Amino acid sequence: MARSQDTFNKREKEKKRIKQKKEKQQKREERKANSQGGGLENMMAYVDEFGNITDTPPDPTKKKKEIKAESIELGIPKKEKVESDPIRKGRVEFFNHSKGFGFIKDSENQEKYFVHINGVLDEIDENDHVQFELERGMKGMNAVRVQKAQPEAPVAAVPEESESTPESESTPASESESTPESESTTPSDSTEE
């Protein structure tokens, strides 16, 4: 005679599975009995004019502001063209003649730009003041058409300063020595006592 295929372990697992199924059915019935009902209406959410989510529908009598679809801008607004001089001025921070490249520091915004020997018109060295233009390269902005800057001759500024210096020299040295600084040291000494 063959033994039954139902072992004790199999029967226990079957009982456990049936028990869990009944518990699940009971919980489902309890949820149905305790639910508020209403179905879809209770699940609806509305967005008010300020963008907040609410459970009350919008008031149809309230006047709505009409917005034309053409007035809505998507993305970044167009930038106005600003006329700027393409020729910039700067100083050569580093230049390696053997490798043929270097860096120029812009005098306006203090940014450094790469320069290659092919973009140089005049012979340049470190600390030279140069004029250059910018072009977009593979890894950022590159200085091109680099040439030495002509030194600006401040001819008018030098005589004005020399004329104003005799007036400042005419003040006696004794007046410049009796400044409030010397007076300020005396009160600080008295407060320490």
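The values are calculated or read from the model by the stated rules, or taken from the named source; none is laboratory data. A quick note: this is a predicted structure, and the numbers were derived from the prediction, not measured. Neighbour counts are summed over all protein chains in view; Cβ atoms, including those assigned to glycine, are modelled from backbone coordinates with ideal geometry.
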Any residue at all in the range 109-128 that is out of contact with any Leu (no Cβ under 7 Å at 6 or more places or on another chain), closer than 10 Å to R88 by Cβ and not charged (D, E, K, R)?
yes
Any chance the range 3-20 includes a residue that's of a type in the set (G, A, S), assigned to a loop (DSSP other than H, G, I, E, B) and either modelled with pLDDT under 80 or over 52 Å from the mean Cα position of the chain (by Cα) (or both)?
yes
K32 vs (1) under 45 Å from the mean Cα position of the chain (by Cα); (2) part of a helix (DSSP H, G or I); (3) modelled with pLDDT under 85: all pass except (1)
Identify, please: which residue in the range 84-109 is of a type in the set (D, E) and surrounded by 12 or more Cβ atoms within 10 Å (Cβ to Cβ) and is, among those, farthest from the chain's Cα centre (by Cα)?
E93
Answer yes or no as to whether V130 is within 33 Å of the chain's Cα centre (by Cα), touching a residue at least 24 places away in the same chain (Cβ under 8 Å) and surrounded by 10 or more Cβ atoms within 10 Å (Cβ to Cβ).
yes
Residue under question is I53, and the condition is that it be modelled with pLDDT under 85 and exposed (fewer than 10 other Cβ atoms within 10 Å of the Cβ); does it hold?
no
